[in-house]
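The values are calculated or read from the model by the stated rules, or taken from the named source; none is laboratory data. Keep in mind the model is a prediction, meaning the values are calculated, not measured. Glycine gets a Cβ as well: all are built from the backbone with ideal geometry, and neighbour counts include every protein chain shown.
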Amino acid sequence: MSQPALETVDLHAGYGDVRVLNGVSLTVGRGEIVALIGANGVGKTTLLRTVSGLVRAKGGTISLFGERIEALPPHDVTAAGFVQSPEGKQLFLNMLIEENLLVGAHNRRAYERRKQTLEEVYELFPILAERRTKLAGTLSGGQQQMLAVGRALMARPRALALDEPSLGLAPIMVDRLFEGIRKIRQLDIPIFIIEQNVFQVLNMADRGYVLEQGRVTLTGTGKELLENQHLKSTYLGL
Amino acid sequence: MDPLILSFAVVNGLLIGGIYGGVALGLSLIFGVLRVVNFAHGSLLMLALYAAYWLQIWAGIDPYYSIIVTVPLLFGIGFMIQSVIIAPLIRRESALVVEPLSALLLTAGVYLVIDNLALMAFGPNVRSATTSFALPPVMLGQIPVNMPRLIGFGAAIVVAVGLAWWLKTTRMGRAIRAVASNRDAAALSGINVPLVYAVTFGIGASILGLFGSLLATFVPITPQVGLNFGIRSFIVVVLGGIGSLPGSIVGGLVIGVFEAIASQFVPATSAAILSLGLFVLILLVRPSGLMGKA
Ligand SMILES: Nc1ncnc2c1ncn2[C@@H]1O[C@H](COP(=O)(O)OP(=O)(O)OP(=O)(O)O)[C@@H](O)[C@H]1O
Ligand SMILES: [Mg+2]
């Protein structure tokens, strides 16, 4: 029972001959919020795509609550309980907001409880309930991000990953979104979050990892990392 | 021009056009979801026509009853074509969609293989099935309406409406639309994308199974009959708006009526060429097709 929610060990992955991840080892514990920091193009999204099975791992292992998942296809990874809200939202723009959410509940475990989960998501993001019969494409950027997070929640994740949820949002929307993320933590869902808003995310996170040149180069609690000199100068510009 | 003859031509054009639209539905669905132009579309209709024909010859099954065999048979064939032949290509692609050209070449190969195998197996003879149902024409005022064609027309409307409704309201239908909209996001949402692709291809082909049975009594069955229908379907789908099911029917009606009227004034072959002209003209004005979204 003590296995972490998510654990990668010596994970290697890339595209064709291009190697992006060169042995990434990290863990997300139960009930934790863990942040992943890294420069543009370092491979943060690739890491999530590899965990989700969209990119095949070339080496190393991925475990979800102790079960190995690195060989599973994406839909089975989602069914197993690792769900991500992908970079750039990737909504079904020509479908209704409620349909986007229902698609999120496609796996059998989630589908049986979709009505209840839908209520929970609407409670978390009331704006989605208000506009449930509108096309997803009619939402503002911040609302679309809430829909992307809501769709991921519809799958009833046992571990949730968010890839740059605040990208392109106005500051007020960022605050509202982070508020939503804190509430998700209270649902006892561990969260693995990639963010450019380094200061804000490390304030919220229990722990963080810094990814550089395909490897984890720095790790610690949110507070420790905020005080780290290298992190300060490289990612906070202080 | 005698108005009675003209209205007869229009009615016939509507019936044939509706059938074109129905035959094209699967092509539109498959392109809308997989972004693959299935060059073998007409060949699958040809197989269905032969299936209906041979079921009658060997087992004495009336073409109208053979639906219960041809529909699942073509579903299976479509499912297999996708999962055995096209899926490996899609798996190799790292981009969001398949390179249209490579998929087109692949399905063109499938078309060549199927049509030539059919020629080897069945020979070049023209065949036709007969039904034991008495299907006298019904009178629309003074115009006689051919019953087998009316049935085909009705089936096209029913299938188009039924399919659109199914896509809109069911879990599988929603999954298919999600895959069409964003394949990676659909996979991340827990949808088995390769399965959805195969099912979609199967559904598209199974519609041809239906029309194979319904057309077997009045379309001359030859190994080459598919190409003609395939090219028509392509025109109908592009004209109506690629991926739009109502567009497929509307496109079929436009082509059917246009050709029927034109062939009152010029020989039928010239009418077909004129309809290509109409096709180009409409696309110049509306590049996304009649019912397509811009
Ligand atoms: N589909 C792909 N094919 C080939 N190379 C890719 C592909 N996707 C990403 N890459 C490359 O892999 C590297 C890592 O990209 P990735 O998107 O994982 O970075 P990231 O850390 O998420 O960056 P960002 O902060 O900009 O989101 C980059 O050099 C990128 O150019
Ligand atoms: Mg990224």
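Would you check which residues across the range B:1-19 are among the small types (Gly, Ala, Ser) and modelled with pLDDT of 95 or more and list them? Give the derivation first.
Let us first name the residues in the range B:1-19 that are among the small types (Gly, Ala, Ser), namely B:7, B:9, B:13, B:17-18.
The answer is B:13, B:17, B:18.
Residue A:35 - would you say it is within 14 Å of another protein chain (Cβ to nearest Cβ) and either surrounded by 15 or more Cβ atoms within 10 Å (Cβ to Cβ) or more than 30 Å from residue B:174 (Cβ to Cβ) (or both)? Steps first, please.
Numbers: within 14 Å of another protein chain (Cβ to nearest Cβ): no; either surrounded by 15 or more Cβ atoms within 10 Å (Cβ to Cβ) or more than 30 Å from residue B:174 (Cβ to Cβ) (or both): yes.
No, not satisfied.
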Subject >> Conditions (1) touching a residue at least 12 places away in the same chain (Cβ under 8 Å); (2) within 12 Å of ligand 1 (Cβ to nearest atom): number failed by residue A:63 >> reply: (2)
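Within the range A:6-15, take every residue that is among the hydrophobic types (A, V, I, L, M, F, W, C) and closer than 13 Å to residue A:216 by Cβ and give me the one that is nearest to ligand 2 (Cβ to nearest atom).
Initial filter on the range A:6-15 (among the hydrophobic types (A, V, I, L, M, F, W, C)): A:6, A:9, A:11, A:13.
Imposing the further condition that a residue be closer than 13 Å to residue A:216 by Cβ reduces the set to A:9, A:11.
Working: A:9: 22, A:11: 16 Å.
So, considering only residues that are among the hydrophobic types (A, V, I, L, M, F, W, C) and closer than 13 Å to residue A:216 by Cβ, the one nearest to ligand 2 (Cβ to nearest atom) is A:11.
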**OP:** With the condition kept exactly as written, say whether any residue in the range A:213-236 is surrounded by 23 or more Cβ atoms within 10 Å (Cβ to Cβ) and in a strand (DSSP E or B).
**Re:** no
Original post:
If you check residue A:68 against the conditions, is it facing chain B (nearest Cβ under 9 Å), more than 19 Å from residue A:162 (Cα to Cα) and among the charged types (D, E, K, R)?
Top reply: no
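Just checking, how many residues over the range B:155-177 are closer than 30 Å to residue B:136 by Cα and in contact (Cβ under 8 Å) with a residue 40 or more places away in the chain? I'd like the intermediate steps shown before the answer.
We begin by selecting, within the range B:155-177, every residue closer than 30 Å to residue B:136 by Cα; these are B:155-163.
Now drop any that are not in contact (Cβ under 8 Å) with a residue 40 or more places away in the chain, which leaves B:155-157, B:159-160, B:163.
Residues in the range B:155-177 being closer than 30 Å to residue B:136 by Cα and in contact (Cβ under 8 Å) with a residue 40 or more places away in the chain: 6 in total.
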Original post:
Restricting the range A:55-65 to residues that are β-branched (Val, Ile, Thr) and in a strand (DSSP E or B), which is nearest to the other protein chains (Cβ to nearest Cβ)?
Top reply: A:62
**OP:** Would you check if there is a residue in the range A:5-15 being away from ligand 1 (no atom under 16 Å from the Cβ), within 14 Å of chain B (Cβ to nearest Cβ), assigned to a loop (DSSP other than H, G, I, E, B) and within 16 Å of the chain's Cα centre (by Cα)?
**Re:** no
**OP:** Please determine, by comparing only the residues of the range A:33-54 that are part of a loop (DSSP other than H, G, I, E, B) and under 16 Å from the mean Cα position of the chain (by Cα), which one is farthest from ligand 2 (Cβ to nearest atom).
**Re:** A:53
Subject >> Residue check, residue A:74 within 14 Å of chain B (Cβ to nearest Cβ) and either touching a strand residue (DSSP E or B) at 6+ places or on another chain (Cβ under 9 Å) or away from ligand 1 (no atom under 12 Å from the Cβ) (or both) >> reply: yes
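Restrict the check to the range A:77-89 and report whether at least one residue is within 12 Å of ligand 2 (Cβ to nearest atom) and surrounded by fewer than 19 Cβ atoms within 10 Å (Cβ to Cβ).
First, pick out the residues of the range A:77-89 that are within 12 Å of ligand 2 (Cβ to nearest atom): A:84, A:86-88.
If we keep only those that are surrounded by fewer than 19 Cβ atoms within 10 Å (Cβ to Cβ) too, we end up with A:87-88.
Within the range A:77-89, one or more residues are within 12 Å of ligand 2 (Cβ to nearest atom) and surrounded by fewer than 19 Cβ atoms within 10 Å (Cβ to Cβ).
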**OP:** For the range B:197-214, state whether one or more residues are within 14 Å of chain A (Cβ to nearest Cβ), out of contact with any Asp or Glu (no Cβ under 6 Å at 6 or more places or on another chain), touching a residue at least 60 places away in the same chain (Cβ under 8 Å) and crowded, with 23+ Cβ neighbours inside 10 Å.
**Re:** yes
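So that you can scan it fast, the table gives a plain yes or no per residue for (1) within 14 Å of chain A (Cβ to nearest Cβ); (2) under 30 Å from residue A:148 (Cα atoms):
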position	(1), (2)
B:102	no, no
B:106	no, no
B:112	no, no
B:117	no, no
B:162	no, no
B:166	no, yes
B:173	yes, yes
B:185	yes, yes
B:188	yes, yes
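Just to be sure before I move on: is residue B:217 under 18 Å from the mean Cα position of the chain (by Cα) and outside any helix (DSSP H, G or I) in the structure I sent? Explain how you work it out, then say what you get.
Values: under 18 Å from the mean Cα position of the chain (by Cα): yes; outside any helix (DSSP H, G or I): yes.
Spelling it out, residue B:217 is indeed under 18 Å from the mean Cα position of the chain (by Cα) and outside any helix (DSSP H, G or I).
Which helices (runs of 4 or more DSSP H) does the range B:106-205 wholly contain that include 1 or more residues that are under 17 Å from the mean Cα position of the chain (by Cα)?
Numbers: elements: B:147-169, B:171-181, B:183-188.
Once the helices (runs of 4 or more DSSP H) in the range B:106-205 are filtered for at least 1 residues that are under 17 Å from the mean Cα position of the chain (by Cα), what remains is B:147-169.
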Original post:
Do any residues in the range A:186-213 that are at positive phi have Cβ atoms under 9 Å from those of residues that are surrounded by fewer than 22 Cβ atoms within 10 Å (Cβ to Cβ), where the two are at least six apart or on different chains, and which pairs are they?
Top reply: A:188/A:30; A:188/A:31; A:213/A:22; A:213/A:42
Subject >> Per-region count, the range A:16-32, residues within 14 Å of chain B (Cβ to nearest Cβ) and within 16 Å of ligand 2 (Cβ to nearest atom) >> reply: 2
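From the set of residues in the range A:38-59 that are within 16 Å of ligand 1 (Cβ to nearest atom) and small (Gly, Ala, Ser), which is farthest from residue A:162 (Cα to Cα)?
Step one: list which residues in the range A:38-59 are within 16 Å of ligand 1 (Cβ to nearest atom), which gives A:38-58.
Still in the list and also small (Gly, Ala, Ser): A:38-39, A:41, A:43, A:52-53, A:57.
Numbers: A:38: 14, A:39: 16, A:41: 17, A:43: 14, A:52: 12, A:53: 16, A:57: 20 Å.
Here the answer is A:57.
Give me the helices (runs of 4 or more DSSP H) completely within the range A:78-154, filtered to those with at least 1 residues that are within 11 Å of chain B (Cβ to nearest Cβ), ordered by residue number.
Details: elements: A:97-104, A:108-111, A:114-124, A:126-130, A:141-154.
So the answer is A:97-104, A:108-111, A:114-124, A:141-154.
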